[in-house]
Amino acid sequence: MPKTHHKDAGNRLPTLFLDMEGNGLLEEAGEAIGKTVIAAEPSQVFTLFEDGLKKDTIYYAQCDKETVYDKVDQLQNINCYFRLGINLPSGEADLLDELIHKEVSIILAADRERKKWLDHFQRSQSFLVYIDPMFQPHLIQRYRSLHKQEVLEPAKELELDMEKARNTLSDAEVRILEKILEGKSNRKIEEECFLAVATVNNHVSHLTKKMKANDRTHTIKRAIEEGWVKIS
């Protein structure tokens, strides 16, 4: 569903609201800002596009939760410039996670007190995308939850089976390979193992040849292929 990037043009775009509340405020709000308001049955929504949506016009259809899901998905394939709005009861905030991934331009809290709802409707007309602040606690909690999951997810580590590696490599080369698996550079290995940089370079060169690898990355791949590495 293409969207214009020009703010004033966005103000004049036709808007289709899927109204889960059915409180009649959309008609009042649209007329108050000089828009033509047209009601439609959910089954008639796609007929509106066949007839052509008009600028400065608000179309709305009263829908239940399941119909909203269905219509929003279907509307993604409409090749027409318009804004899609949802009048959503705050108790259905779980729908936000799905709607935000879709091409929804306006999400209003349907169960606000009348005057406040009308205020937020008018504010929404000044932005290409508008989400009622009543949903902010849900969005913030959702963000924190996702961020916490990312932080708590353990990093995968490559653990070298030294006994297996010693069948091919020297003890010094095994220690160097262990550091490579930890992602350490030659300079860092030099510091941690108290070796000269030339010595580290030689060990890396020798173990790479013994493992028939082309470079450090290929060396790690070969170690995994040989069964020397456990991923934890």
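The values are calculated or read from the model by the stated rules, or taken from the named source; none is laboratory data. These numbers come from a predicted model, not from an experiment. Every residue, glycine as well, gets a Cβ built from its backbone with ideal geometry; the counts of neighbours run over all protein chains shown.
From the list LEU139, LEU88, LEU128, LEU169, the one residue that fits, being outside the structural domain of PRO42 (by TED's automatic domain parsing) and in contact (Cβ under 8 Å) with a residue 40 or more places away in the chain, is LEU169. Summed over segment 177-203, residues that are touching a helix residue (DSSP H, G or I) at 6+ places or on another chain (Cβ under 6 Å), without any contact (Cβ under 8 Å) to a residue 24 or more places away in the chain and crowded, with 16+ Cβ neighbours inside 10 Å total 4. When the strands (runs of 3 or more DSSP E) confined to segment 1-106 are screened for residues that are under 24 Å from the mean Cα position of the chain (by Cα), those reaching at least 3 such residues are found at 83-88.
Taking first residues from segment 102-125 that are crowded, with 20+ Cβ neighbours inside 10 Å and partners that are of a type in the set (Lys, Arg), the Cβ contacts under 6 Å between residues at least 6 apart in sequence or on separate chains come to SER105/ARG83.
Step by step: first the residues of segment 204-232, then only those that are small (Gly, Ala, Ser) and surrounded by 15 or more Cβ atoms within 10 Å (Cβ to Cβ), then the one that is farthest from ASP161 (Cα to Cα). Which residue is that? It comes out as ALA213.
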